[in-house]
Amino acid sequence: MRFTEKQLNSLDYTFAFLEVEHKENVLTITLNRPEKKNALHPVTANELAFALTYAKNNKDVWAVVIKANGDVFCAGADLKAFMTGGGDTNTTVPKAEGEILIGELFNELHKPCIAQVEGNAFAGAFLLLAGCTHVVAADNVVFGLPEVKRGLFPYQVMASLMQVMPERKVLDWCIQGYNLDAAKAADWGLVTHLASADKVAETVQGLLDTILANSPIAIHMGLEAYQHIRTGDTKAQHSYLRGMLMQTVQTKDAQEGIMAFREKRKPDWKNE
């Protein structure tokens, strides 16, 4: 366990980049870094790990909803923060023991988890979406994998997406780095439910009503069996892939790609 039983007895902590609410049988986690397009920070990863472990260990939580404040659901990982440790924040959430890999945080939740996507999602956001059992998206949102245009590659995202999408579709998306509209994302299996922008929350609530009417223990045991069937050593896999990303970040092409993006120009690749 990443956290102690005593730590998980309460949500009475200050979250720097999340809003977390346990109401009735639903835990709602809201990404709350809108000024940075909800880019994932090391502190966000720790707070997500805590919130999802709380959900896993609390029998009164039957389902989880993940949504976001602001007009972007999540812009991916804040690579600079991950490479530097992220600096000080006002979080009081206990620090997890061991390495946190966002791509494997959902593996032991074994409870329905709904992503409520009302803004565009990019890059590392798919570690969250692929980990959910359901993704309800507004029909006007865009999903993008721009890493190769920055001299990077979406290693962990690729592994997570291959759990919910056809492999060749995932490979093509990773290699070309284009944006995907919501209808195509649904066709390919990333999105489970489409709704008009003004009906997303209503669709999520309807899905929750159906789920909460069913046996929580039966669903829990079924999801545990599903996880056992489909996965091997996912922690080792995501640890390796994160290491590959860190190596790629240090290449000259990655530095050029990120700089070109900031300067709004075409990158000059050196293949090194």
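Shown here is the pair-distance distribution of the stretch 1-74: with all Cα-Cα distances grouped in 5 Å bins from zero up to the longest one, the shares run 3, 17, 28, 24, 17, 8, 3, 0 percent.
Rounded, prolate or oblate, given the Cα gyration tensor of the stretch 205-272, with a/c below 1.5 counting as rounded? Because a/c hits 1.5 or more and a/b fails to exceed b/c, the stretch 205-272 counts as oblate. Hey, of (i) 32, 23, 18; (ii) 26, 23, 18; (iii) 29, 22, 18, which did the structure itself give for semi-axes √(5λ) of the Cα gyration tensor in Å when calculated? Recomputing semi-axes √(5λ) of the Cα gyration tensor in Å here gives the entry labelled (iii). Within the full protein context, the accessible area of T30 is estimated at about 10 Å² for a probe radius of 1.4 Å. With an a/c value of 1.5 or above and a/b not larger than b/c for the gyration tensor axes a ≥ b ≥ c computed over the alpha-carbon atoms, the stretch 147-228 is described as oblate. Mean residue ellipticity at 222 nm, helices only, the chain: -12000 deg cm²/dmol; runs of at least 4 DSSP H residues each add -39,500 (n - 2.57), and the sum is divided by the number of residues.
Under a 1.4 Å probe, what is the accessible area of the chain per residue, stated in Å²? With the other protein chains kept in place, the chain gives 50 Å² per residue. Of the solvent-accessible surface of the stretch 185-272, computed with a 1.4 Å probe and all protein chains present, 55% belongs to carbon and sulfur. Rounded to the nearest 20, the Cβ-based charge dipole of the stretch 153-272 about its Cα centre (Lys and Arg +1, Asp and Glu -1) stands at 360 debye. Taken over the stretch 108-179, the percentage of Cα pairs per 5 Å bin, counting from 0 up to the bin with the maximum distance, is 3, 16, 26, 26, 18, 8, 2, 0. Pairwise Cα separations in the stretch 40-146 fall into 10 Å bins from 0 onward with the following percentages, short to long: 14, 45, 35, 7.
Which of Y226, A81, A183 sits closest to the plus end of the dipole of the chain, meaning its Cα is farthest towards the positive end, when Lys and Arg get +1 and Asp and Glu get -1 on the C-beta? Final value for the positive-end residue is A81. First check a/c for the stretch 131-272, with a ≥ b ≥ c the square roots of the eigenvalues of its C-alpha gyration tensor; if it is under 1.5, answer rounded, and if not, answer prolate when a/b is larger than b/c or oblate otherwise. Cα axes put the stretch 131-272 in the oblate bin. Ignoring any ligand, DNA or RNA, what whole percent of the accessible area of the stretch 1-154 comes from carbon and sulfur when the probe is 1.4 angstrom? Of all accessible area on the stretch 1-154, carbon and sulfur atoms account for 44 percent.
The values are calculated or read from the model by the stated rules, or taken from the named source; none is laboratory data. If you're wondering where the values come from, they're calculated on a predicted model, not measured in any experiment. Cβ: placed from backbone, ideal geometry, glycine included. Neighbour counts: every protein chain shown. Ligands, DNA and RNA are stripped out before the accessible areas are found, and what is left, the full protein with its side chains, is counted by its heavy atoms. Shrake-Rupley method; radii C 1.70, N 1.55, O 1.52, S 1.80 Å.
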